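Data first, discussion second: the structure below is written as structure tokens.
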Amino acid sequence: MPSACFCAILFSVYSNANRKRVGFMLSGILAAIPGATAQGLVWGVMALGVYVTYKLLDIADLTVDSSLCTGGAVSAVLILAGVHPLLTLVFSVLAGMLAGLITGFLHTQLRIPAILAGILTQLGLYSINLRIMGKSSIALLRQPVIISLGNIPMALVIGALVAVLVVAFLYWFFGTELGCAIRATGDNRKMVRAQGVNTDRMKIIGLVISNGLVGLAGGLLAQYQGSANVNMGRGAIVIGLASVIIGEVIFGARFNFAWQLGAIVAGSAIYQIVIAFVLQLGLSTEDLKLFSAVTVAVALSVPTLQKKFRKTKVVPAQAEKE
């Protein structure tokens, strides 16, 4: 009897400890959601840039891993020089566009494969980013910024506003004759070339727009986290792809173009929330790259697995009819 009471007491203490642990974990997750959403909106701008090359142009552009840092470095250096933080974003966009122009030139004029051209630009930008900043990292402590980790409600508003403006711009631009030509280039280059369209020029414009958005995201991210680091863009292409695929899987790509663009931003926010969730569960920050890679691999394999699953369902159904 005493042993039974002792076991009951131990079970009660263990249950209470578990409840407290679970409650603490849930409260931590809920507290992290607003910040993760704000960060997801910023990364969503970058994901839109990845979408332009990956989905519309059908090009795997690895320039983004460094052009993101270029945008952040330019914004941070100009803020320290006394330039208004909003104006610095214009220069971040221009810096990203220049990076995309270099990749486009290497690919279209020197006939270097797109993926290799992106890698070459990415490697070159690493040294350029160090030159821009003068060192590997720049802090923006007590500097004026338009979006900050220290003010999450305002960061949510600014992030959402920028995302909406970018989506609206892309929706308008890719509805123009030039935008349609870029989309057609990604769908069928030979057909577009037969219509007299310069596909090389379309690729360059697409890469310029894509990396311009990535540069904008880099400037916003540097201001949001209060620093610019030479490695801040490492793995950005994986995050961008994860956002694109998650947005398509969850929200679907069956609706109009504006819906697809909005789904990418939502996918980015969801991805960052998932990251915050797994960190609260105890995942080490050292394992985030592995988690991101596995997430993208799983997301990319979903369409193939769905097709195989449908085929396996159709075959037995036909066998039963026979």
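The numbers here are math on the coordinates, done by the rules we state, and not lab data. As the structure is a prediction and not an experimental result, all values here were calculated from the model. No Cβ is skipped: glycine too gets one built from the backbone with ideal geometry, and neighbour counts run over all protein chains shown.
So if I average 1/r over every pair of distinct C-alpha atoms in region 134-256 and take the inverse, what Kirkwood radius in Å does that give?
17.1
From the list (1) 22.3; (2) 24.2; (3) 21.4, can you say which value of Kirkwood radius over Cα pairs in Å was derived from the structure given?
It is the value labelled (3).
Could you work out the helix-only [θ] at 222 nm for the chain, with each DSSP H run of four or more residues adding -39,500 (n - 2.57) and the total divided by the number of residues, to the nearest 500 deg cm²/dmol?
Here the helix-only value at 222 nm equals -27500 deg cm²/dmol.
Please give the length that would be gained between Leu165 and Asp58 if that part of the chain were fully extended, namely 0.36 nm times their separation in residues minus their C-alpha to C-alpha distance (nm, one decimal).
The Leu165-Asp58 span can extend by a further 36.1 nm.
How far is helix 64-80 tilted, in degrees, relative to the longest principal axis of the Cα atoms in the chain, given as a value from 0 to 90 rounded to the nearest 10?
So the helix axis and the longest Cα principal axis differ by about 90 degrees.
Angle, helix 152-173 long axis vs. longest principal axis of the chain, Cα atoms, 0 to 90°, nearest 10?
Approximately 40 degrees, to the nearest 10.
When only Cα pairs under 8 Å and 6 or more residues apart are kept, what is the percent relative contact order across the chain?
32
What is the total of Lys pairs in the chain with C-alpha atoms under 22 Å apart, excluding same-chain pairs fewer than 8 positions apart?
Eligible lysine pairs with Cα atoms under 22 Å apart amount to 8.
Can you order the peptides 169-176, 43-50, 300-307 by their average number of other Cβ atoms within 10 Å per residue, highest first?
Sorting 169-176, 43-50, 300-307 by mean packing, highest first, produces 43-50, 169-176, 300-307.
How far apart, in nm, are the 7 Å Cα→Cβ label points at Phe105 and Leu281?
Going from the Phe105 label point to the Leu281 one covers 4.7 nm.
I'd like the Karplus ³J(HN,Hα) series for region 260-277: coefficients 6.51, -1.76, 1.60, θ = phi - 60°, whole numbers in Hz, and an x wherever there's a Gly or Pro.
Per-residue couplings from phi come out as 4, 5, x, 5, 5, 5, 4, x, 5, 4, 4, 4, 5, 5, 4, 4, 4, 5 Hz.
What ranking do 184-193, 230-239 get when scored by the average of other Cβ atoms within 10 Å per residue, highest first?
Per-residue mean Cβ counts within 10 Å order the peptides as 230-239, 184-193.
Taking the chain as the reference, fit the longest principal axis to its C-alpha atoms, fit the long axis of helix 236-251 to the helix C-alpha atoms, and give the angle between the two in degrees, 0 to 90, nearest 10.
70
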